[in-house]
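Here is the structure we will look at, set down as structure tokens.
The values are calculated or read from the model by the stated rules, or taken from the named source; none is laboratory data. Because the structure is predicted, anything quoted here is derived from the model rather than measured. For neighbour counting, all protein chains shown are included, and Cβ atoms are generated from backbone atoms with ideal geometry for every residue, glycine included. Note: areas computed on protein heavy atoms with side chains; ligands, DNA, RNA excluded. Shrake-Rupley method; radii C 1.70, N 1.55, O 1.52, S 1.80 Å.
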Amino acid sequence: MQYRKIITLKNGSSCLLRNATYEDGQAALGNFLLTHEQTDYLLSYPDENTFTVEREAQYLHEKASSSYEIELLAELNGIVVGQAGLERVGAYEKLRRRVEFGVSVDKNYWGLGIGRSLTSACVELARLVGYAQIELSVVAENIAAINLYRNVGFVEYGRNPRGFFSRFNGWQELLLMRLELD
């Protein structure tokens, strides 16, 4: 899947949303590590990452070549400030119409519309591919993200009160959300 779009942020700046490529390995990995350091709402901690720049570049190349999955970057003045992606739940017939979504944005750029734009782009791409449902998990305390997802059309379908165990806060409840596309 290919995607490229220039958006205008709430502060008037132009931001490029585009496919991540092999050449973005270092910038994407740097953004991943930064965003995972900035918040306790994401899946992992930076020290748990096992990807090298080369492995990240290869991962991005695989996504750029895929007809079913994608990794998008938000680039502001040549700097990667956010990422979002779609990953198939599974290739089996019973699973292949479902896709998982994830997004992260550098905290220095929160509130500008980057997360919403990345989310909307992934919804658009999921529809084009023919997915029937996008799924995500979000920490229940992450009200801004929950509001964004609800505004885009996601609905809660369950909760896991012991979804994440935070190094800092103990158990974190996860909301399970989905967006039906057909």
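Structural remarks
- Of the strands (runs of 3 or more DSSP E) lying entirely inside the stretch 1-80, the ones with 3 or more residues being over 28 Å from Arg98 (Cβ atoms) and touching a strand residue (DSSP E or B) at 6+ places or on another chain (Cβ under 8 Å) are found at 14-19.
- Sole exception among (1) of a type outside the set (S, T, N, Q); (2) surrounded by fewer than 17 Cβ atoms within 10 Å (Cβ to Cβ); (3) over 28 Å from Asn11 (Cα atoms) for Leu179, by number: (2)
- When Glu48, Glu75, Glu37 are checked against the criterion of being touching a helix residue (DSSP H, G or I) at 6+ places or on another chain (Cβ under 7 Å) and charged (D, E, K, R), Glu37 stands alone in meeting it.
- Among the residues of the stretch 38-58, not one is open to solvent by 90 Å² or more (accessible area, probe 1.4 Å), among the acidic types (Asp, Glu) and either closer than 17 Å to Ala84 by Cα or at pLDDT below 95 (or both).
- Every residue from the stretch 59-88 that is aliphatic (A, V, I, L, M), closer than 15 Å to Glu23 by Cβ, open to solvent by 10 Å² or more (accessible area, probe 1.4 Å) and touching a Gly at 6+ places or on another chain (Cβ under 9 Å): Val80
- The one condition in (1) surrounded by fewer than 13 Cβ atoms within 10 Å (Cβ to Cβ); (2) under 18 Å from the mean Cα position of the chain (by Cα); (3) of a type in the set (Phe, Trp, Tyr) that Phe164 fails to fulfil: (1)
- Scan of the stretch 89-108 for residues that are open to solvent by 20 Å² or more (accessible area, probe 1.4 Å), farther than 22 Å from Val139 by Cα and not hydroxyl-bearing (Ser, Thr, Tyr), ordered by number: Ala91, Glu93, Lys94, Leu95, Arg96, Arg97
- Counting the residues of the stretch 81-120 that are charged (D, E, K, R) and part of a helix (DSSP H, G or I) gives 2.
- The stretch 15-37 - residue that is touching a residue at least 60 places away in the same chain (Cβ under 8 Å) and polar (S, T, N, Q) and, of those, surrounded by the fewest Cβ atoms within 10 Å (Cβ to Cβ): Thr35
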